[in-house]
Amino acid sequence: MLNERRLEDPRTQEALSMILLIMREYDLAGAVCLVNAQEMGFGYQLFTTFNAVVEDATLPLGFRFRLQTAELGEERAHQLALGTGHMLYQIKDFGAQTDLWMTDLLAILAKGGVTFDRLPFGERILPRLTSEPPQ
């Protein structure tokens, strides 16, 4: 899962791709956000041997969960389910921590008189990963 567009700066795009590739090579899941002077790029690397996320190019997000006990065996399916929950919660917790800390830092800047004109995500409604359309 990457930005919906290629980054304008080729070096930032290359760095993002390399970081995600290294994560995958080292069997690590995670999220990365890179910011240069003009733009931001992000990506998620979710494919590991310790969780149930598998690639599936036929689906919109390019992956699905694979946890069939008949195919994997009960013990392995259980391990993958636990690994998937662990991975998802850790990335979620990091996002919550990042939100809190960046909010605090922006408040400190605002106390110094620094303000920003900013439209988060260009005022677009963020897509959800459920089948329900955005409201």
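Computed from the coordinates by the stated procedures, all read-outs in this text should not be read as laboratory data. Here the structure is a predicted model, which is why all the values come from computation and not from measurement. Cβ atoms come from the backbone with ideal geometry, glycine included; neighbour counts cover every protein chain shown.
Structural remarks
- Per-residue packing, averaged as other Cβ atoms within 10 Å, sorts the ranges 85-94, 38-47, 16-25, 98-107 into the order 38-47, 16-25, 85-94, 98-107, beginning with the highest.
- Nearest-ten-degree value, helix 10-25 long axis tilted from longest Cα axis of the chain: 30
- For the chain, the 222 nm mean residue ellipticity estimated from helices alone, with every DSSP H stretch of n ≥ 4 adding -39500 (n - 2.57) and the total spread over all residues, rounds to -14500 deg cm²/dmol.
- Debye log10 I(q)/I(0) at q = 0.11 Å⁻¹ for region 10-108, Cα point scatterers: -0.44
- Here region 1-55 yields Rg over Rh of 1.01, to two decimals, using C-alpha coordinates and the Kirkwood radius.
- Taken about its Cα centre, region 2-135 carries a charge dipole of about 160 debye when Lys and Arg each add +1 at the Cβ and Asp and Glu each add -1 at the Cβ.
- Once the Cα-Cα distance is subtracted from the 0.36 nm per residue extended length, the I125 to L82 segment shows a gain of 12.4 nm.
- Gain on full stretching of the segment that runs from F47 to M1 - 0.36 nm per residue minus C-alpha separation: 15.5 nm
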